[in-house]
Each structure stands twice: as C-alpha cells, then as structure tokens.
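Notes to accompany the following structure.
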There are 2 protein chains.
Amino acid sequence: MPSGQVTHGPSDSDPKAAYPQPSTARPAPRVRTARAAEIIDAARTLLEDRGPRGLTMRKLADTVGIQAASLYKHLPSRSALEVALVEHGLDEIGSALHGALAKSTVDPIGALLDTYRSAGLANPQLYRLVTAGSFPRGQMLEGLEAWAGEPFFLAAGDPHLAQALWSFAHGTLLLELDGRFLDGSDLDRTWQAGAEAFKAARRAIPRPSVR
Amino acid sequence: MPSGQVTHGPSDSDPKAAYPQPSTARPAPRVRTARAAEIIDAARTLLEDRGPRGLTMRKLADTVGIQAASLYKHLPSRSALEVALVEHGLDEIGSALHGALAKSTVDPIGALLDTYRSAGLANPQLYRLVTAGSFPRGQMLEGLEAWAGEPFFLAAGDPHLAQALWSFAHGTLLLELDGRFLDGSDLDRTWQAGAEAFKAARRAIPRPSVR
DNA sequence: CCATTCGGCTAACAATGTTAGCCGAATGGG
DNA sequence: CCCATTCGGCTAACATTGTTAGCCGAATGG
C-alpha cells in the first residue's frame, strides 16, 4: 500500500508546510456500465452483511434478480469482482486518510490511526478482503495502492517508521476485527499505547527542513 | 492470543527476576491415533507447499494413499483438521517465544520480535492459517492461545503496550508475508523502527517492583 | 467362536465457479 | 425501412469442493 518516495510538493516555499505534500495522484476510477456498478454494489452489501462465504455468484445473482450465469455478461470472473471490491475499499480508505491528514496538522499520527481504525470498523469484511492474503496486484488499478498508503509516509516522516506505523495499524485493526484481543480489554488504550510509542519515535526524527 | 493477567510466578522472592514469571501452563496436547497424526502432518506439508487452495480433502487423501471419504474415519471434518493445524502452529510459536524470552533478559522485546518474525517466515501458510479471519475459538485447546501470547505480556510489562506490541508484530509479519511492502524496501529496518519505538515506550513504564 | 470395531472402499449429493449455446429485444448503418 | 449485430437474459451442463451412506474384509477380544 505505501508509496515510494515522498517528494516535496509544489508548496515547497510555503513555510507553513511542516509536512511534505502528497506527490501521488489518485488514479481515475474504472469506467463501468451501470449494470456492472449495480452488481458490484450488491456484492459489497452482500459481503458486508453475509460475510465472505455468503458472497457467492448465485446468491449475488439472486439479489440482483438474475441468473448466475448472466453475471458473466458483466464481469469476467469472481476474482475480477473481488478486485473491484478491493479497489472500492482502497479508494475509501485512501480518501479518509488523506482527508484526515489534510485536516489535522497538530497530531497527524493520532488522526491517521483514528481514521484508519474507523474506516476498518465501518466495513470489516471489506477491510479483510482488501488486506487478504495474496491479492492480484497486477490486475489492480495502477497507483491506487501507493496513493492510499501515502498518508503513512506523510505522517511518519521516515519511510521505515511509516511502514512500521502502517503495520501497527493493520495488525491492531485485524486483531480487533477478529476479536482476538482479551475479552473486556480496553482497545482504545491499546491503540493509544501504540500511538504514543510511534509519536515519540516520530519526535526523534528531524522534521524535513522547509527551505 | 495474549493471556489475561500475568501474576508473579513461584520465584517471587528471587531478586534476579526482573520480569514477571509465566503463570500460564502450556496445555497438554490432544491424544491422537498414529494415523490421525500422520494425516495432520501430511496436511501441514501440503498446506505449506501447495498453499491453502492446494489443501483439499481429496489431494490430502491422495498423498496419504487413501480415498477422500476414508479421511472421515479419522477426522470429523475439514474444519477440525484446520483446528489441529492451528493448534500445531500456536504450539510452535508459543514454544519459540517462551524460549526466546527465557534466554534473553537484556533485550526481551527485540528477541521476541525476532523470534516471532522467524517463526512466521519459516511457516508462512501455517501462520496465515493460525491468524486467519475468524477461527473456532470454542473448538480449540483451552488455554493454548493464552499461553502462546503470554510472552508479549511478559516482555512489555504493561497489558496495553503488550497488545500494541503484538499488533505490530502481527501486522508487520502479515504484510511481509503478503509482499505488501515497497519493493526493495529494507524490511529489517522496518522491524527495527517499530522495535525501537516499543523499547522506548517500555522504558517509560516502571518495572514491576520485586518485593 | 463369534460379535464388534476398525478402516478401507464406491456411489452419491449439494453447492461452488464457470462455459456453451439459445433467443428475444434493442440498435444503428445502408 | 430492413436487416445484421450486439446486448443481456435464459437453461443445461461440467468439474471440483466437502460430506454422507452403506458395504465389506480383517483384526480383535470376551
């Protein structure tokens, strides 16, 4: 997900720019027929409230009022459908993260983690799908993954700390979604404990000097 | 995975015990017939080198030289097989973590993360299975999960920091296994960046006083 | 000695993704 | 205006999945 280099944006001479500006562009979404979009949408709600095993071609066809085989007039395969869902998820999470970062300059790491967590909790199954085992990088929209992950690099200041921060967010969210933490443990404080650790580490890294 | 409370062990009066002692006992493994163990073993190697989609009842039966239906004379279902594999994985990871912690008192967090990473990289598919979406907690060996996760609590000193540390390890390992980090990025340094952040946070927490 | 259990087998079923082939309705170019 | 083409539905079928039912020979033990 994370993008590569974070170069300084066009506002290089703006002294208020304490953090580097986004350099990655959000790729244009795919063009789709109305029917295909409708199917993908139905798939999404089916996934979200019936779970991954509830998302089957025949059930999906049913909710759309169609025969399963007819789905293939609109989508080449089930995995293509999954790619579409993953792209939706990445787009939403990326938007949320970029938005959060644009708003809060005082505590970017905290804002980022909060937003990441909220986005995941709002669509648990979709988040799981997006970050599931091995997904088809080759078939995905070029640059989408990089754009969605970029805020971590912007907030952390250092690429390695950025990846570590993303790892923490990803791991915590997955464990929270899967209910793997201690019963009754205060997850807010778990998130906060990690956030504090990374904020402190961030402070130990020199700000990128704005000439 | 993490255990609940970490009470002080029997060596409460030992002044060298800078960290709390394990209080959770490793649950006794299930008793199994030789044939069942053989099947589970075959399933494991099948999973590890053919991937999760390569582990099918018929293929498993083939490698054991049996008919698929005959597997059900030894195992009640595929999900029971998965539970067995998960238990294997938890047992191995737990052993490795407890061992690492017992050895290194100088840098427990670093040792823990190294061991966690190694264990995961050694058996990627098994690790994915162990930490996969929602697994059947009810069917698992009682206390195994708690025992396996306990080292994080021992090393972190604070339950919330422990869960955050575990989250970081889990997230980083998953992202590494799934190849989601930047191509060519130095993962050692990513792990290290997180490790440093958590070590610093650990230092800010008072040691549990040993009366 | 015989009943029971063990552990293999074949046959079958339902559900999954997916393909082939048919067909009516829209559509657009000559 | 007609006709060829495309669009988007349908039914039927296939292979593969987990799983169950039922048969049967060999060991086993009271």
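The values are calculated or read from the model by the stated rules, or taken from the named source; none is laboratory data. No experiment lies behind these values; they were computed from the predicted model shown. Heads up, the Cβs are rebuilt from the backbone with ideal geometry, glycines too, and the neighbour counts pull from every protein chain shown. Ligands, DNA and RNA are stripped out before the accessible areas are found, and what is left, the full protein with its side chains, is counted by its heavy atoms. Shrake-Rupley method; radii C 1.70, N 1.55, O 1.52, S 1.80 Å.
Among the residues that make up the stretch B:128-139, is at least one of them closer than 17 Å to A:LEU173 by Cα and open to solvent by less than 10 Å² (accessible area, probe 1.4 Å)?
So far as the stretch B:128-139 goes, yes, one or more of its residues are closer than 17 Å to A:LEU173 by Cα and open to solvent by less than 10 Å² (accessible area, probe 1.4 Å).
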Residues located in the stretch A:126-162, provided they are in contact with a helix residue (DSSP H, G or I) (Cβ under 6 Å, 6 or more places away or on another chain) and hydroxyl-bearing (Ser, Thr, Tyr): A:TYR127
Candidates A:GLY110, A:GLY138, A:GLY179 - the one that is out of contact with any Phe, Trp or Tyr (no Cβ under 8 Å at 6 or more places or on another chain) and outside any helix (DSSP H, G or I): A:GLY179
Answer residue from the stretch A:150-161, given it is open to solvent by less than 10 Å² (accessible area, probe 1.4 Å) and small (Gly, Ala, Ser) and is nearest to the other protein chains (Cβ to nearest Cβ) among those: A:ALA156
A:ALA34, sole failed condition from (1) modelled with pLDDT under 95; (2) away from every other protein chain (no Cβ under 14 Å); (3) away from DNA strand D (no atom under 16 Å from the Cβ): (3)
Qualifying position, being among the acidic types (Asp, Glu), surrounded by fewer than 18 Cβ atoms within 10 Å (Cβ to Cβ) and more than 12 Å from the chain's Cα centre (by Cα), among A:GLU196, A:GLU176, A:GLU142: A:GLU142
Residue count, the stretch A:181-203 (criterion: in contact with a helix residue (DSSP H, G or I) (Cβ under 8 Å, 6 or more places away or on another chain) and either free of Cβ contacts under 8 Å to residues at least 12 places away in the same chain or more than 20 Å from B:ASP186 (Cβ to Cβ) (or both)): 16
Only listed residue being facing chain A (nearest Cβ under 9 Å), within 19 Å of A:ARG180 (Cα to Cα) and not in a helix (DSSP H, G or I), chosen from B:ALA132, B:ALA164, B:ALA169: B:ALA132
Residue list for the stretch A:67-99, filter: of a type in the set (D, E, K, R) and more than 13 Å from DNA strand C (Cβ to nearest atom): A:GLU87, A:ASP91, A:GLU92
A:TRP147 vs. criteria within 18 Å of the chain's Cα centre (by Cα), at the interface with chain B (Cβ under 9 Å from one of its Cβ atoms) and touching a residue at least 40 places away in the same chain (Cβ under 8 Å): no
Within the stretch B:56-106, considering residues that are more than 16 Å from DNA strand D (Cβ to nearest atom), among the charged types (D, E, K, R) and open to solvent by 50 Å² or more (accessible area, probe 1.4 Å), the one nearest to B:GLY194 (Cα to Cα): B:LYS103
Number of positions in the stretch B:182-192 that are in a helix (DSSP H, G or I) and within 7 Å of another protein chain (Cβ to nearest Cβ): 2
Complete set of residues in the stretch B:26-55 that are surrounded by 11 or more Cβ atoms within 10 Å (Cβ to Cβ) and outside any helix (DSSP H, G or I): B:ARG26, B:PRO27, B:PRO29, B:ARG30, B:ARG32, B:GLY51, B:LEU55
Number of the exception - B:PRO20 against (1) at pLDDT 65 or above; (2) surrounded by 11 or more Cβ atoms within 10 Å (Cβ to Cβ): (1)
Of all residues making up the stretch A:107-118, the number that are surrounded by fewer than 21 Cβ atoms within 10 Å (Cβ to Cβ) and under 12 Å from the mean Cα position of the chain (by Cα): 2
